[in-house]
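In what follows, a single structure is set out as structure tokens and then discussed.
Laboratory data are not the source of any read-out in this text; all were calculated from the coordinates shown. In this text, all values refer to a predicted model and were calculated from it rather than measured experimentally. Cβ atoms come from the backbone with ideal geometry, glycine included; neighbour counts cover every protein chain shown.
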Amino acid sequence: MATTAFYSNKKELYPTYDGCDLGFTFTPESTTFKVWAPSAEQVLLKLYTTGSFHEAGAQVMGIKQMLLDGRTGVWSATVEGNLNKIYYTYVIKTEKGTHETQDVYSKAVGVNSLRSMVVDLSSTDPEGWENDRHVLPDKPNDAIVWEIHVRDFSSSDSSGVSKNHRGKFLAFTEKNTVIPFTSYPTCLNYLKELGVTHVQLNPVFDFGSVNEITGVDYNWGYDPVNYNVPEGSYSTDPYHGEVRIREFKEMIKSLHEEGIGVIMDVVYNHVYETATSPFELTVPGYYFRMQNGRFLNSSGCGNVTASDKTMFRNFMVNSLKYWVEEYHIDGFRFDLMACHDIETMNIIREELDKTDKRILMYGEPWTANDGENGISGEDCCNKTNAKKLSNRIGMFNDDMRHGIKGGSDDDTKGYIQGAGHSAYNVIAGMMGAASVTFGNWANEPSQCITYDSAHDNLTLWDKILKSNWCSDFDTTDHLYIKQNALAGAMVMLSLGVPFMLAGEEFCRTKHGDHNSYKSPDAVNSINWTRTIRYRELNDYYKGLIKIRKAFSPLRDNTTKAVNDSYIVYNGQIISLTIKNDTEGEWKMMSIILNNTENACQVEFKSQYDLPKRWYILADASTASDKAITEFDKDDLIPPRSVMVLVDLESYNKINGIVEKKIEDTVEEKAYSAKE
């Protein structure tokens, strides 16, 4: 892992290191180990045959004293011979005591993360890995993101995935899976048909809340232990550290082959257990923000890491670069990004840019506990400070989320349930939070992640049912489905980066569980049969995605589309008309939202000369990039629905449709009569 040091303005208590070789450096002839532990009095390297004591053949292979470079705080040792697949730990003596720990800079570990592992990374590459390429959007808002948990994706019998791959990385490698005894696609096969461009995976680095030996526990994985190692419970063999690495790469390669990029959900803001973390055991008190000897807790998980300190900042930067370079990851979603300082996040962006400026980067612009952050409010990565960040560091727009559906877990109502007070937040969100008139915390629309649901809180469907006081999670009541479709339309037809929880498009339910982080598979897993039950809604989302891909102003990463939009609203009815100068595309689109219980007419208004004739691309029941029918000025917008119109003239030109003149039609009829 190439390492680069970035020095913080915060005064450092210890010497820091800017070398590129922390962790192990492997060759078939010898392996060198280096660990930054400036407060240590002694460091021993211990070598093991296995990743845990209970495995067959487990024994200590040797113990070696490591040597300190006092100028850098780095301890090092070199062991001769080929150590590929040999496990190791450090025994570190500090004023806090003597503790055995895995390596902070681990690239591989044994079962349940007890020991680090030396691995020849080149031997973990699947066949054809050298030809694997990133899947990156030209602009951030070209991306359409689908959030999924690895286990949820395939753990259900309905996934059609082979039994030994269910809930594993390898489920993403199975092609042409279907719901058993049907022809309906699932998993990777389904994603291709849906049309999303990227999957965002809930944490896939090594986390501590699931026992890899039994594999029966469930957790979302926001409990980091080793940041640079794939999670073992998602592999077919957690005992041998090289297996999880190879299978993770196979998953990435399979998704890339289908043109789908992979975004990692990364949780650098806290660790699983403070006292037993390799960070704390290696350099006590350094890697975390503390006050009067107490660990601060803006993460809500017992500690908050110190991104503003040199060596943790250095660790974050190089960890992210490692995932990009070794695993070909295409983007990162930062959990509780406001726990991190602005300087660090901008440095990360600059470093990722050296590989490719198109690598996606966005996060949650909040903490779990603002009073426990340990950095000033003006220095943290929240929406208030968005304009201090690179335009290509995005933030989730919770204002839009609340505007669409109301509160995340309660029975309050938003726009889709008929609330008029939500229109302003909806419009601001549809403008990518970059409109001077309606609110512009974002530099550009591409900085705004537009969404209505995520893994946290109630699913969109469960929220809709709760706000309508319905307890039937399998209902097909048309009103609730229309509210779901209206939410999807607002997300997909907005100018920001559209993001959706997996299954939102087929009424995914967790049976009202608003915090399912450790609930069983019965609650969390994707029930693929719902793609049949809610087929019309599923097709509607597919159509919305096609419309988005066909009209470039919706994907404009500048404020041009914002400025080329004209909005009319009365608190209930919203009309958004967007001009388009792109050659070969529709020249004008009108998006009309009606959240009332009644059908309504819309009077078009704009600063532009409006077309006299329009085609309908989407109405209450159908969405497509192909014209459904011509719009008549007397047509009504159905209740709780969206209507999408494009100008008829440019549509016909693009599709080679030549309209007959009235006189030609009369002549044809006369000729036919003579015949």
Item to check | Degrees between helix 535-550 axis and first principal axis of the chain (Cα, 0 to 90, nearest 10) | outcome: 90 degrees
Checklist entry - Does the chain come out rounded, prolate or oblate, given a ≥ b ≥ c as the square roots of the eigenvalues of its C-alpha gyration tensor, rounded meaning a/c under 1.5 and, failing that, prolate meaning a/b above b/c? => result prolate
Checklist entry - Between the range 315-352 and the range 212-230, how many Å separate their Cα centres? => result 20 Å
Item to check | Violating pairs (Cα-Cα greater than 21 angstrom) within the set Lys139/Lys175; Lys192/Lys253; Lys139/Lys549 | outcome: Lys139/Lys175
Item to check | Gyration tensor (alpha-carbon) shape descriptor, the range 560-654, a/c threshold 1.5 | outcome: oblate
Checklist entry - Considering only Met430, Val602, Met311, whose Cα is most displaced toward the positive end of the charge dipole of the chain, charges sitting on Cβ of Lys, Arg (+1) and Asp, Glu (-1)? => result Met311
Next on the checklist: Based only on other Cβ atoms within 10 Å, what is the fewest-to-most ordering of Ile567, Ile532, Ile342?
Outcome noted: Ile532, Ile567, Ile342
Item to check | the chain - charge dipole about Cα centre, Lys and Arg +1 at Cβ, Asp and Glu -1, debye rounded to 20 | outcome: 400 debye
Checklist entry - Which percentage, to the nearest 5, of the DSSP beta bridges contained in the range 134-262 is antiparallel? => result 40 percent
Checklist outcome for this item: If each part is reduced to its alpha-carbon centroid, the range 517-565 and the range 588-664 end up apart, in Å, by 21 Å
Item to check | DSSP beta bridges in the chain [antiparallel fraction, %, rounded to 5] | outcome: 75 percent
Checklist outcome for this item: For Lys510, counting only aspartates and glutamates whose alpha-carbon sits under 14 Å away and dropping same-chain residues fewer than eight positions off, the answer is Asp152, Asp409, Asp456, Asp462, Asp472, Asp474, Asp521
Next on the checklist: Can you find, among Ile375, Leu201, Ser233, the residue sitting farthest towards the positive end of the charge dipole of the chain, where Lys and Arg contribute +1 and Asp and Glu -1 at Cβ?
Outcome noted: Ile375
Checklist entry - From the cross-link list Lys107/Lys357; Lys249/Lys354; Lys357/Lys626, which pairs have alpha carbons spaced over 27 Å apart? => result Lys357/Lys626
Checklist outcome for this item: Computed, not fitted: 222 nm per-residue ellipticity of the chain from DSSP H runs ≥ 4 (each -39500 (n - 2.57)), nearest 500, equal to -6500 deg cm²/dmol
Checklist entry - Are any of the pairs Lys579/Lys633; Lys579/Lys612; Lys560/Lys612; Lys168/Lys463; Lys383/Lys518 more than 26 Å apart by Cα-Cα distance, and if so, which? => result Lys168/Lys463; Lys383/Lys518
Item to check | Dipole magnitude of the range 389-476 about its Cα centre (Cβ charges: Lys, Arg +1; Asp, Glu -1), debye to nearest 20 | outcome: 280 debye
Checklist entry - From the square roots a ≥ b ≥ c of the eigenvalues of the alpha-carbon gyration tensor of the range 24-167, which class results: rounded (a/c under 1.5), prolate (a/b over b/c), or oblate? => result prolate
